[in-house]
Amino acid sequence: MLVSKQSKWDWRTGCSKRSIATPDGLSADELASAAGTEAFYTGVWAKSAYGASLLELNTEGKYVLAPHMDKLLLNPEFPGYVGGIINVFKQPEMFDSFNANLPTGKRTWWDEVSPEFIQGVSGTGAPFYNRLIPGGLAQVPDLVEKLETGASVLELASGAGRGLVKLAAQYPNVSITGLDGDAHSISLAKDRVADAGLSDRVDYLQSTLEDLSEEDKYDFVFINISMHEARDIDLATKNIRNALKPGGIFVISDFPFPDGHEGLRTVPARVMSGIQYFEAQIDDQLVSTETFVKLLQDQGFSGVDSFIISPVHNVIYGTK
Ligand SMILES: C[S@@+](CC[C@H](N)C(=O)[O-])C[C@H]1O[C@@H](n2cnc3c(N)ncnc32)[C@H](O)[C@@H]1O
């Protein structure tokens, strides 16, 4: 295992700039002194990290990070960052609680998970926002013009507020409302927006997607890694269409889970299959891009289309 559940020392500490991410590399003993860990255990970790292709050996026989791991695992601003998911997978809400509830199928919701889990999920959402804003949005016809000239925007399931900050900072003329059903997530979002100095352009709405009742109000509505969580996805989509002004655009940014078994044996599908363990506990599952396309078409959106943004990230859009 590269991830330790109990100790604060995990793969991130092992790989951090302070320790293994040095140009000259480190022996296991040098890594132990740099990271402040016990030499024998650190050697076990290093061999396991080498076996998992996280570390390589340089010509002096010292451990160095494998190519690209500095960005993929350690740089949350890199669009391909995957380090966040590891912090989610090691929380008890993922596999421990799934195992405990396997006999009964007991469900939970966001208001019952720990603050650490919510922060972990927010870290997982970061590269999705970084790929979507501005690069992904630029691929949606007619959207950038609206955002640059000053649009009224709604982010659904805004969570800990990364998307609110990212969109408001990228497009200085937009005003944006963050909707979430979970009170703690709304309070995290308020703090993040205030820290970024953007409070004057951001509002909040604590509501479920199914209770959204605004009419003809927004030029643009978007939702990141959460549309699959709607309890009643047809009703939520109907509400979203009602909340848009005529000509307004809706963008879903989500995981593309394969339809059927044939797509499951790929690396991205294996990662997404891990995520399904938590989704099951909040009574949903990730769905395919085709499912979202059909959903928008069935609910009367026009110009519905989609594009792949990374192997774990697709964008689906339509116009009211
Ligand atoms: C996976 S998190 C994503 C948060 C954020 N979009 C991000 O990418 O970091 C899902 C969020 O959706 C909210 N949520 C889930 N189902 C919801 C629903 N039916 N109505 C409103 N909010 C919901 C949760 O409270 C949580 O904050």
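The values are calculated or read from the model by the stated rules, or taken from the named source; none is laboratory data. Given the structure is predicted, the values throughout are model-derived calculations rather than measurements. Here the Cβ is made from the backbone with ideal geometry for all residues, glycine too, and neighbour counts use every protein chain on show.
Listed values, structure above:
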{"quantity": "From the options 112, 93, residue that is in contact with a helix residue (DSSP H, G or I) (Cβ under 6 Å, 6 or more places away or on another chain), closer than 30 Å to residue 221 by Cα, within 14 Å of the ligand (Cβ to nearest atom) and of a type in the set (Asp, Glu)", "calculated": "93"}
{"quantity": "Selected residue (criterion: nearest to the ligand (Cβ to nearest atom)) from residues of segment 131-186 that are surrounded by fewer than 24 Cβ atoms within 10 Å (Cβ to Cβ) and of a type in the set (Asp, Glu)", "calculated": "182"}
{"quantity": "Residue identified as of a type outside the set (Gly, Ala, Ser) and within 14 Å of the ligand (Cβ to nearest atom) among 216, 259, 211", "calculated": "211"}
{"quantity": "So residue 304, is it modelled with pLDDT of 95 or more and in a strand (DSSP E or B)", "calculated": "yes"}
{"quantity": "Single residue of segment 210-235 satisfying the filter (under 19 Å from residue 297 (Cβ atoms) and in contact (Cβ under 8 Å) with a residue 40 or more places away in the chain) that is surrounded by the most Cβ atoms within 10 Å (Cβ to Cβ)", "calculated": "222"}
{"quantity": "Flag if residue 126 is near the ligand (Cβ under 10 Å from one of its atoms), under 27 Å from residue 311 (Cβ atoms), among the small types (Gly, Ala, Ser) and assigned to a helix (DSSP H, G or I)", "calculated": "yes"}
{"quantity": "Flag for residue 274 being touching a residue at least 40 places away in the same chain (Cβ under 8 Å) and not hydrophobic (A, V, I, L, M, F, W, C)", "calculated": "yes"}
{"quantity": "Hits in segment 51-109 (condition: surrounded by 14 or more Cβ atoms within 10 Å (Cβ to Cβ) and acidic (Asp, Glu))", "calculated": "56, 70, 93"}
{"quantity": "When residues of segment 240-267 are limited to those that are exposed (fewer than 11 other Cβ atoms within 10 Å of the Cβ) and not basic (Lys, Arg), the one nearest to residue 215 (Cα to Cα)", "calculated": "246"}
{"quantity": "Conditions (1) in a loop (DSSP other than H, G, I, E, B); (2) touching a residue at least 24 places away in the same chain (Cβ under 8 Å); (3) at positive phi: number failed by residue 260", "calculated": "(2)"}
